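Working notes for the structure below.
The values are calculated or read from the model by the stated rules, or taken from the named source; none is laboratory data. Just so we're clear, the structure is a prediction, and the values are computed from it rather than from any experiment. Neighbour counts run over all protein chains shown; Cβ positions are idealised from the backbone, glycine included.
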Amino acid sequence: MKRFFFVISWLVILSLCVSVLWARPPRPPKPGPHHRWVNSHWIYLPAPANTIWVTGYYDHNGNWRPGHFQFTGNVPAGQVWVPGHWEGDSWVPGHFRQNYRKDFIWVTGHPGSDGKWAMGYWKFTGPPKKGHLWVNGHWQSGRWVKGFWRPMKKPGRNWAQGHYGPRGKWVPGRWKKK
């Protein structure tokens, strides 16, 4: 009787393993020379000049590092290469950024507590402006919004803090009527 349950247990485990392996469809063929495999599908991304494609991988901490173009040319003085990346559902192409800004420090991108990648940004460290709050620069709808000062109070309005909506899309902060 023990042998019977042993054999049945192994058959169940084996069938589950086989079904899991068969459940993952194979990667479809590459549609063209400028397509890259990103987030389980092919996307059209022509290579910018002086770059090579680095396929996504898991780092030594088990965090997923998405595929991106790595710059291979000479970096201009005072600049740092920022690989192209997804910001919400918008693709941000690779670009150079300054490596120094007065009254700012660079906060390097990192995996967030929810496992999603939090992009790097310039954090303001200079003197505060009375009656105002600093809003960091950010990508919104595929374009860059520079950091700015916003008033702490507005008559007849309350500030609604920016947040990620239920589908993972960023909802920017805004003034709402009381």
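A few remarks follow.
- Boolean, TRP37 is surrounded by 13 or more Cβ atoms within 10 Å (Cβ to Cβ) and modelled with pLDDT of 80 or more: no
- Wholly within segment 90-171, strands (runs of 3 or more DSSP E) carrying at least 2 residues that are at pLDDT 80 or above: 95-98, 104-107, 121-124, 132-135, 148-151, 157-160
- Among all positions in segment 66-78, there is at least one residue which is part of a loop (DSSP other than H, G, I, E, B) and modelled with pLDDT under 80.
- Residue identified as surrounded by 13 or more Cβ atoms within 10 Å (Cβ to Cβ), closer than 30 Å to TRP42 by Cα, touching a strand residue (DSSP E or B) at 6+ places or on another chain (Cβ under 6 Å) and among the basic types (Lys, Arg) among ARG157, ARG65: ARG65
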